[in-house]
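Derivation of every value follows stated rules applied to the coordinates shown; laboratory data play no part. In this text, all values refer to a predicted model and were calculated from it rather than measured experimentally. Cβ: placed from backbone, ideal geometry, glycine included. Neighbour counts: every protein chain shown.
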Amino acid sequence: MKNIEHEVLKGTTTVGLVCKEGIVLAADRRATAGFVVNKKARKIIPITAGMAVTMAGLVSDAQLLSKLAKAEIKLKDFQTNRTTTVREAANLIGGMLYMNLRKMSMVPGIVGFLLGGADKEGFHLYDLGIDGSVTDVDDYVSDGSGSVFAFGVLETLYRKGMSIDEGVKLAAKAINAALQRDTATGNGLDVVTITDKGLQWVVEKEVVMKIEV
C-alpha cells in the first residue's frame, strides 16, 4: 500500500514584504510529492480586490480553504454592508486553519498562508500558521520548505521604508536563493503587489531548465 502522505502535492517558498507604498507577495511554482509533479502551480491566490494569500503545504487544503475564505468574506460584506478588513480576514482564515489541522483525517491538513492586503486602516501583512496562529508582520516573512534560504536574503537586504519596486526586486532575490538550494522550490516566480492601485501581478515568469546537446 502506498503511503498516502507521498501522494499529495506540497513544497514551496513564499515571501511577504511590507514596503512604503504597500505589500509585496512572492512565490515559486513547483509542487512536489516526492518528485516534481507540477511545474506551473500558482501559489498566490487573490481573495478580494485588495487581498491575496500565498500558500505553503498541501495544495488541496490550501485551494479549498482559500475558496471558503473568498465565499465567507463575500457573505460577510453582504450581511454587514461594509468591506471586511484585512485583520478580520486574517482571523477568519486563522480559525479555518485551526479547525483544518485538528479534524480527523487520514492526511493531516498541513497548510499555512501569508495574507497581504489593504483597507481603510492601511497596508497589512499576516503570517497564518498551520496551527491557526495569526501573526501581524511589520517587516518581512517567509514560509515553506525553502524559507530558511529566503530568510538569509531578507535578513541581510530588507530595510524599513523601502519602495515597492525595491521590495519586488528583494522578493525575487529571496525566492531565487531558495530556488538554488531547496529541491522543493523552483520552475518559476510570481510576484504580486498590493498598493493604492489595488492588486497587481507584476512578475509572472516561468523558469525552464532544459539541456540540449
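Structure above, values below:
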quantity	calculated
Projected label distance in nm at D77 and W201, using a 7 Å step from Cα toward the beta-carbon	2.0 nm
Positive-end residue of Y98, N38, I175, charge dipole of the chain with Cβ unit charges	N38
Dipole in debye (nearest 20) - the chain, about Cα centre, beta carbon charges: Lys, Arg +1; Asp, Glu -1	480 debye
Note, ³J(HN,Hα) from phi for the stretch 145-156, Karplus 6.51, -1.76, 1.60, rounded to Hz, x at Gly and Pro	5, x, 5, 4, 6, 5, 4, x, 6, 5, 4, 7
Lysine pairs with alpha-carbon atoms under 18 Å apart, the stretch 1-144, spacing 8 or more or separate chains	10
Extension gain (nm, one decimal) between K67 and N91, 0.36 nm per residue minus Cα-Cα	7.1 nm
For the chain: relative contact order, % (alpha-carbon pairs under 8 angstrom, 6 or more apart)	30 percent
Computed [θ] at 222 nm, helices only, for the chain once each DSSP H run of length n ≥ 4 contributes -39500 (n - 2.57)	-10500 deg cm²/dmol
More than 24 angstrom apart: percent of Cα pairs within the stretch 62-213	42 percent
Loop sites in the stretch 83-131: trypsin sites (Lys or Arg not before Pro), DSSP, at most 13 other Cβ within 10 Å	K103, K120
